[in-house]
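Working notes for the structure below.
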Amino acid sequence: MGGRRGIEPVRYSTAGIAPAERHEAWTDRGWPSIASLFDSTPIGPFSTSAENVYLDGIPVSYSHGTARQLARTPERIAADRIDVLGVGVLIEGEMHGVARTREFVLHPGEILLFDIAQPVTMTMSACRSIQLAIPRPLAESQLGPVAALHGLVIGRDEAALFRAHLLKLSEALQLIAAEDAPRIARTLLDLLVVAVHAASDGAKGMPQPPAGAAARAREEIRANLESSSLTIANLCRRLKVSRSTLHRLFECEGGVQTYIRNARLDAARLALLDTGNDERIGAIADRLGFSDAAHFSRLFRTRFGQTPSQCRALRRP
């Protein structure tokens with residue numbers, strides 16, 4: 001390597017901590033530790049160890065740990081406002097849980113995807129796993145809407161290439177020049193996209209939309225959330241696609257109108273949590289295209305499990 005500095009993992013273990021203090025020490029580590037994103041309850045005596053690397057904005061953690069329950073609650077979501085796609089690769093052990101309303105069971109070799117901005121609960125046995133946190137804009141540029149991936153399990157065969165690459169990477173980190181971390185990150189993301197595509201059945205046998213059309217459509221929508229010109233006809237004209245192609249781009253979310261509505265609700269939630277924003281709730285709703293305040297409140301509660309007023313009450317300085 002000609003003296004170049006390799007990628008140095010950061011190691012963590014509770015082995016040297018008093019047993020009664022181990023769990024609290026683990027949960028208090030803070031971001032980018034994925035442990036900091038959940039309310040955790042140990043099942044029996046607790047211990048864990050991890051080897052963490054940071055690859056061009058993507059935290060990767062190789063960990064061993066005892067059994068526990070994890071919950072990502074609306075209150076915690078509102079408090080930390082971390083916005084990533086979580087990726088869990090189970091190497092040994094078992095896990096089951098509920099991602100909003102989607103139940104899942106994870107076996108060794110499989111991948112779980114979860115949107116950290118949505119509720120999720122998990123119960124895991126003593127296990128060995130690998131976790132990644134991919135920033136939402138980066139994930140959506142390659143995979144489409146993160147919300148639609150919440151609770152998706154990718155089977156062992158479809159996950160094999162991604163899993164094998166991660167395992168081999170842990171053995172070779174110190175041989176890889178630190179300046180090559182962005183290349184490693186891009187490769188990991190590409191392999192994850194391949195695994196997701198292999199696990200997806202919806203688009204088989206169908207004509208594929210133009211390359212990049214999904215990302216362009218989402219950028220166009222998010223840039224015009226407050227505009228009355230955000231219509232199906234205008235999107236088709238700007239993107240130069242047909243209505244049927246536009247619908248296919250958002251099929252997994254229930255159509256483009258559903259995606260627009262949810263994007264507007266997400267923007268309303270961020271405004272409500274912004275301590276520098278003193279707009280009335282009704283004004284925020286109206287600005288984002290919800291002319292009926294009661295209807296807006298019902299939609300907001302369905303999506304986030306709390307009313308707009310309850311959401312605003314959770315914001316912190």
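Structure summary
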{"item": "Shape category assigned to region 156-205 from the gyration tensor of Cα positions, a/c cut at 1.5", "result": "oblate"}
{"item": "Charge dipole (debye, nearest 20) of the chain; +1 at Cβ of Lys and Arg, -1 at Cβ of Asp and Glu", "result": "760"}
{"item": "V194 - accessible surface, heavy atoms, 1.4 Å probe, Å² rounded to 10", "result": "80"}
{"item": "Relative contact order computed over the chain (Cα-Cα under 8 Å; 6+ residues apart), in percent", "result": "15"}
{"item": "Largest to smallest accessible area among R22, R72 [probe 1.4 Å]", "result": "R22, R72"}
{"item": "Which of R183, R280 is most accessible, then next, and so on - probe 1.4 Å", "result": "R280, R183"}
{"item": "Estimated D of region 1-139 in µm² per second, where Rh is the Kirkwood radius over Cα pairs and Stokes-Einstein applies at 25 °C, 0.890 mPa s", "result": "157"}
{"item": "Per-bin percent of Cα-Cα distances, the chain [10 Å]", "result": "5, 24, 31, 25, 12, 3, 0"}
{"item": "Accessible area, probe 1.4 Å, largest first, for residues T307, T14", "result": "T307, T14"}
{"item": "With every protein chain in place, the chain: carbon and sulfur % of accessible area (1.4 Å)", "result": "53"}
{"item": "Surface accessible to a 1.4 Å probe, per residue, for the residues of the chain, Å²", "result": "49"}
{"item": "Cα-based helix-to-principal-axis angle, 181-199 vs the chain, degrees rounded to 10", "result": "70"}
{"item": "Nearest-10 value in Å² for the accessible area of Y259, using the 1.4 Å probe", "result": "10"}
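The values are calculated or read from the model by the stated rules, or taken from the named source; none is laboratory data. Everything numeric in this text was worked out from a predicted model, so none of it was measured. When we count neighbours, we look across all protein chains shown, and the Cβ atoms used for this are built from the backbone with ideal geometry, even at glycine. Areas reflect the complete protein model, heavy atoms only, side chains present, ligands, DNA and RNA absent. Shrake-Rupley method; radii C 1.70, N 1.55, O 1.52, S 1.80 Å.
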